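Remarks on the structure that follows.
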Amino acid sequence: MTKRVACAWATLVLGIAGAASVVSSASADCLRRVYNRSNLVLVARQDGGPPTTLLPGRSLPVRLSRPGQIDIAGYCGVPQAGGAPVTQRTFDYEAVLDRCFVRFGGDLFVPQLGRGFIGLQETAPFTVNNPRQGDIVLGPAAGASCPLPSPASVLSRRG
């Protein structure tokens, strides 16, 4: 074996070893957001972790690093006041290699058209995978289910 062939084999082996180490350390760590565009107070919990409160008009960064779940509940007022949530959903998400997205929809035609093409699973009042794959948005129409104070109590001068 000549010196040139030996160097070629060594380069090939080192190249394969380097590529294997890069591929094995690949992870999906995607930074996505939960947006609250409603007048509700959201409480979000990722993979059963501690709850995070999200006030109206704010957003919360969420790191998706493996498949898991995000639980979201919307309240008309302070969540600890004992009131029941107005809206509540659990979303499964995928985070594999370079893809992070919220899973929804049925398994019909998944290989041909992709997941969520046929709307067999409703996500309303939330919008998922918009503006980016993996984002969750609660829109302004969701706050309409909160009871408004009566006009007599708002206009009362007695306090």
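What follows draws every value from the coordinates through simple rules; no lab data is involved. Small disclaimer: the values here were computed from a predicted structure and weren't measured. Backbone-built Cβ (ideal geometry, glycine too); neighbour counts: all protein chains shown.
Extending 7 Å from Cα along the Cβ direction at GLN88 and again at ARG63 yields two label points whose distance is 2.9 nm.
Were the residues from THR127 through GLN80 laid out at 0.36 nm apart, the gain over their Cα-Cα distance would be 14.4 nm.
How much FRET efficiency would the formula 1/(1 + (r/R0)^6) give for ARG103 and ASP47, where r is the Cβ-Cβ distance and R0 is 25 Å, rounded to 0.05? It comes to 0.95.
A simple rule links phi to the HN-Hα coupling: the Karplus curve 6.51 cos²θ - 1.76 cosθ + 1.60 with θ = phi - 60°, which for the stretch 88-94 gives 8, 9, 10, 10, 8, 10, 10 Hz, with x for Gly and Pro.
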